[in-house]
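Trainee: One structure follows; several queries about it will come next.
The values are calculated or read from the model by the stated rules, or taken from the named source; none is laboratory data. Source: prediction; values computed, not measured. Don't worry about glycine lacking a Cβ; one is built from the backbone with ideal geometry, like all the others, and counts go over all protein chains shown. Remember, those area values only see protein heavy atoms, side chains included, never the ligands or the DNA or RNA. Shrake-Rupley method; radii C 1.70, N 1.55, O 1.52, S 1.80 Å.
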Amino acid sequence: MTDFIREGRLFRVTGFLPSHRQLFLTSEATLVDRTTTMIEVYIGHVELMFLKPYYRNGLHIRRATAAEFGVLSERHGITAADAVYTWMLERDGDSFVVGSNPNWREAEYALIGERQSLYNPREPWPPDFPAEWGQVG
């Protein structure tokens, strides 16, 4: 399993489209954390989520452990079949999402140009500038 780890960066919830059940989390390049890239995380088919509006210490997206899932299942009535789709968003936090495998994209902010989002369906992917991307799980 591949975790998504970007600690020490400010991430924020930038969108949730209920009609498509899509969640977006973004970290922009800032002087505060001395970063030069924009990172976007996309989770589709969202069934349930417990989020903070901001993640000041970054994200560590990983599948919930058996113990964590047991607690979440009891509290929120998540079925056992959803264990493989339950994603923790922090190393030691309570934030979680039940949805498809999280995907991420990262590119140098200066190279993105006029583009508003790395997940804009009207823009080609991969782009014509250097970028990295992957999937958790």
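Trainee: With the requirement that a residue be hydrophobic (A, V, I, L, M, F, W, C), outside any strand (DSSP E or B) and farther than 30 Å from Val32 by Cβ, what does segment 65-112 give you?
Mentor: Narrowing segment 65-112 to residues hydrophobic (A, V, I, L, M, F, W, C): 66-67, 69, 71-72, 78, 80-81, 83-84, 87-89, 96-98, 104, 107, 110-112.
Add one more test, that the residue is outside any strand (DSSP E or B), and what stays is 66-67, 69, 71-72, 78, 80-81, 83-84, 89, 110-112.
Within segment 65-112, Ala66, Ala67, Phe69, Val71, Leu72, Ile78, Ala80, Ala81, Ala83, Val84 meet the criteria.
Trainee: Of the residues in segment 83-97, how many are within 12 Å of the chain's Cα centre (by Cα) and crowded, with 19+ Cβ neighbours inside 10 Å?
Mentor: Within segment 83-97, the first condition is being within 12 Å of the chain's Cα centre (by Cα), and the residues that meet it are 87-90, 95-97.
Narrowing the set further to residues that are crowded, with 19+ Cβ neighbours inside 10 Å leaves 87-89, 96-97.
Here the count works out to 5.
Trainee: Output the strands (runs of 3 or more DSSP E) that fall wholly within segment 6-61 and possess 1 or more residues being more than 18 Å from Val98 (Cβ to Cβ) and open to solvent by 50 Å² or more (accessible area, probe 1.4 Å), or say none.
Mentor: On the way: elements: 11-17, 22-27, 37-43, 48-50.
The strands (runs of 3 or more DSSP E) meeting that bar are 11-17.
Trainee: Please work out which one of (1) over 15 Å from the mean Cα position of the chain (by Cα); (2) small (Gly, Ala, Ser); (3) at pLDDT 95 or above is the condition Gly134 fails and give its number.
Mentor: Here Gly134 clears every test but (1).
Trainee: If you go through segment 109-119, how many residues are surrounded by fewer than 14 Cβ atoms within 10 Å (Cβ to Cβ) and farther than 14 Å from Leu25 by Cα? Break it down stepwise before answering.
Mentor: Our first condition is that a residue be surrounded by fewer than 14 Cβ atoms within 10 Å (Cβ to Cβ); within segment 109-119, this holds for 110, 113-114, 116.
Add one more test, that the residue is farther than 14 Å from Leu25 by Cα, and what stays is 110, 113-114.
Counting residues in segment 109-119 that are surrounded by fewer than 14 Cβ atoms within 10 Å (Cβ to Cβ) and farther than 14 Å from Leu25 by Cα gives 3.
Trainee: Still on this structure, I have one more. Regarding Arg105, is this residue under 23 Å from Gly15 (Cβ atoms), in contact with a strand residue (DSSP E or B) (Cβ under 8 Å, 6 or more places away or on another chain) and open to solvent by less than 80 Å² (accessible area, probe 1.4 Å)? Spell out how you get there, then give the answer.
Mentor: On the way: under 23 Å from Gly15 (Cβ atoms): yes; in contact with a strand residue (DSSP E or B) (Cβ under 8 Å, 6 or more places away or on another chain): yes; open to solvent by less than 80 Å² (accessible area, probe 1.4 Å): yes.
Yes.
Trainee: Still on this structure, please answer the following. What number of residues within segment 52-62 are under 18 Å from Gln22 (Cα atoms) and out of contact with any strand residue (DSSP E or B) (no Cβ under 6 Å at 6 or more places or on another chain)?
Mentor: Adding up the residues that qualify gives 1.
Trainee: Could you list, in sequence order, all residues of segment 63-82 that are open to solvent by less than 30 Å² (accessible area, probe 1.4 Å) and either in contact with a helix residue (DSSP H, G or I) (Cβ under 8 Å, 6 or more places away or on another chain) or in contact (Cβ under 8 Å) with a residue 40 or more places away in the chain (or both)? Spell out how you get there, then give the answer.
Mentor: So the first thing to find is which residues in segment 63-82 are open to solvent by less than 30 Å² (accessible area, probe 1.4 Å), and the list is 64, 69, 72, 78.
Ala64, Phe69, Ile78 - these are the residues of segment 63-82 that are open to solvent by less than 30 Å² (accessible area, probe 1.4 Å) and either in contact with a helix residue (DSSP H, G or I) (Cβ under 8 Å, 6 or more places away or on another chain) or in contact (Cβ under 8 Å) with a residue 40 or more places away in the chain (or both).
Trainee: Checking the structure you have, find out if any residue of segment 29-45 is touching a residue at least 12 places away in the same chain (Cβ under 8 Å) and over 20 Å from Val13 (Cβ atoms).
Mentor: Yes, because at least one residue in segment 29-45 is touching a residue at least 12 places away in the same chain (Cβ under 8 Å) and over 20 Å from Val13 (Cβ atoms).
Trainee: Here are some conditions: (1) open to solvent by 10 Å² or more (accessible area, probe 1.4 Å); (2) without any contact (Cβ under 8 Å) to a residue 24 or more places away in the chain. Ser100 meets all but one. Which one does it not meet?
Mentor: Among (1) open to solvent by 10 Å² or more (accessible area, probe 1.4 Å); (2) without any contact (Cβ under 8 Å) to a residue 24 or more places away in the chain, the lone unmet condition for Ser100 is (2).
Trainee: Right, here's the next one. How do the pairs read when you match residues in segment 123-137 that are assigned to a loop (DSSP other than H, G, I, E, B) with residues anywhere that are among the hydrophobic types (A, V, I, L, M, F, W, C) and exposed (fewer than 12 other Cβ atoms within 10 Å of the Cβ), using Cβ under 9 Å and keeping only pairs 6 or more apart or on different chains?
Mentor: Short answer, once both residue conditions are applied: Val136/Met1; Gly137/Met1.
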